[in-house]
Amino acid sequence: MRISDEEAGQGRSVGDRMVLILDTVATAPGEVGLSELARLTGLKKATAHRLASDLVAHRMLERGGYGYRLGLRLFELGQQVPASRRLRATALPFMADLLAATGEIVQLGVLDRTDVIYVEKLTGRHSVPVPSAVGTRLPAYCSGLGKAILAFEDQAAVDLVLAAPMPARTSTTITDGPRLLRELETIRDCGVAYDREEGTRGIVCVAAPIVVESYVGRGGHRAVAGLSVTGPAHRLQPVRLAAAVRTAALSISRLLGPVPLR
C-alpha cells in the first residue's frame with residue numbers, strides 16, 4: 001500500500017495508522033462511522049477509509065449497520081499468544097474452584113505498562129456488574145490486581161506507574177507515590193493486595209500475585225500475573241478470602257515455575 005507524500009511527512013507509518021484505527025475502534029462504546037473514525041484518529045477521510053477497508057479484508061475489522069467494529073480475526077490471534085494461553089490454561093481450574101467457593105467474580109490479569117489487562121474472568125449467578133471485562137484495562141495503581149503485580153515487579157515497572165498521573169477515582173483511591181510505595185511494601189510482606197473501593201465505589205477485592213522465579217533470565221522473582229476475587233463491599237469480606245486467593249495464586253505459580261515468594 002502506498003501513502004501520499006503529504007501523509008508520509010506526518011511521520012506515521014502505514015502500520016502505525018492501522019494500529020491507531022484498531023485502538024480507536026476498540027475503545028469506542030459502539031460502532032464507529034467513517035467520519036467519526038477520521039476525526040478521532042486525525043487521519044484524512046480517504047486514508048481512514050482505505051486503511052479500514054484493508055482491515056476489513058483481513059477480518060481485523062467488520063462493517064456493521066452504522067460503522068466499524070472489531071473483527072473476529074483479532075480474537076483468534078489473541079487466543080494464540082503463547083504466554084496468555086499457558087497462563088489461562090493453568091489458572092482456570094483454580095479460578096473455577098474460587099468461583100464455586102465464593103460465588104463472586106474471579107479475575108486474572110497481567111500488567112501492561114501502567115495498566116492491568118484482564119485476560120480471564122469468571123462470574124456466577126450472584127456476581128454484580130463491574131467495569132472490568134476480558135481484554136479491557138484499568139489503571140494498576142487503583143486495582144487490587146495491579147498492586148499485587150506491582151509489588152513483585154522490578155523497579156522500572158513501579159517507576160513507570162509513579163511517573164504517570166494517579167487521579168482519584170473514589171474517595172479511597174491512593175493518589176500519591178510515597179503512599180503507594182508503602183502499600184506495595186505491605187503487599188510484599190503479606191502476599192496479598194486489597195482494593196478498598198479504590199477503583200469503583202462499592203466494589204472491593206482481594207488479589208495475590210502469580211510469581212515465577214528468574215522469569216526474565218536473571219536472579220530473583222517477578223510477578224507475571226495476578227489473581228483476584230471481586231464483589232460488592234456490602235457482601236464481600238476480602239480479608240476472609242485472602243488465604244484462599246493466595247493459596248490459589250501460589251498453586252498456579254508452582255505449575256508455571258519455581259516460586260520464591262516470602
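Kindly establish whether E153 is touching a Leu at 6+ places or on another chain (Cβ under 8 Å), in contact (Cβ under 8 Å) with a residue 60 or more places away in the chain, in the same structural domain as A244 (by TED's automatic domain parsing) and among the charged types (D, E, K, R).
Yes: the conditions hold for E153.
With respect to Y194, is the statement that it is modelled with pLDDT under 95 and either aromatic (F, W, Y) or not assigned by TED's automatic domain parsing to the domain that holds L92 (or both) true?
No.
Can T90 be described as in contact with a Leu (Cβ under 7 Å, 6 or more places away or on another chain), modelled with pLDDT of 90 or more, of a type outside the set (F, W, Y) and over 22 Å from L138 (Cα atoms)?
yes
L160 passes all but one of (1) closer than 23 Å to L241 by Cβ; (2) modelled with pLDDT of 90 or more; (3) surrounded by 14 or more Cβ atoms within 10 Å (Cβ to Cβ); which number fails?
(1)
Per-residue answers, yes or no, for (1) surrounded by 15 or more Cβ atoms within 10 Å (Cβ to Cβ); (2) among the small types (G, A, S); (3) closer than 29 Å to R240 by Cα:
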| residue | (1), (2), (3) |
| --- | --- |
| L37 | yes, no, no |
| T41 | yes, no, no |
| T47 | yes, no, no |
| A96 | no, yes, yes |
| I105 | yes, no, yes |
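Here are some conditions: (1) in a helix (DSSP H, G or I); (2) in the same structural domain as L250 (by TED's automatic domain parsing); (3) touching a Gly at 6+ places or on another chain (Cβ under 9 Å). Q107 meets all but one. Which one does it not meet?
Unmet for Q107, out of (1) in a helix (DSSP H, G or I); (2) in the same structural domain as L250 (by TED's automatic domain parsing); (3) touching a Gly at 6+ places or on another chain (Cβ under 9 Å): (1).
The values are calculated or read from the model by the stated rules, or taken from the named source; none is laboratory data. Remember, it's a predicted structure, so these values are computed and weren't measured experimentally. In this analysis, Cβ positions are derived from the backbone assuming ideal geometry, glycine residues included, and neighbour counts consider all displayed protein chains.
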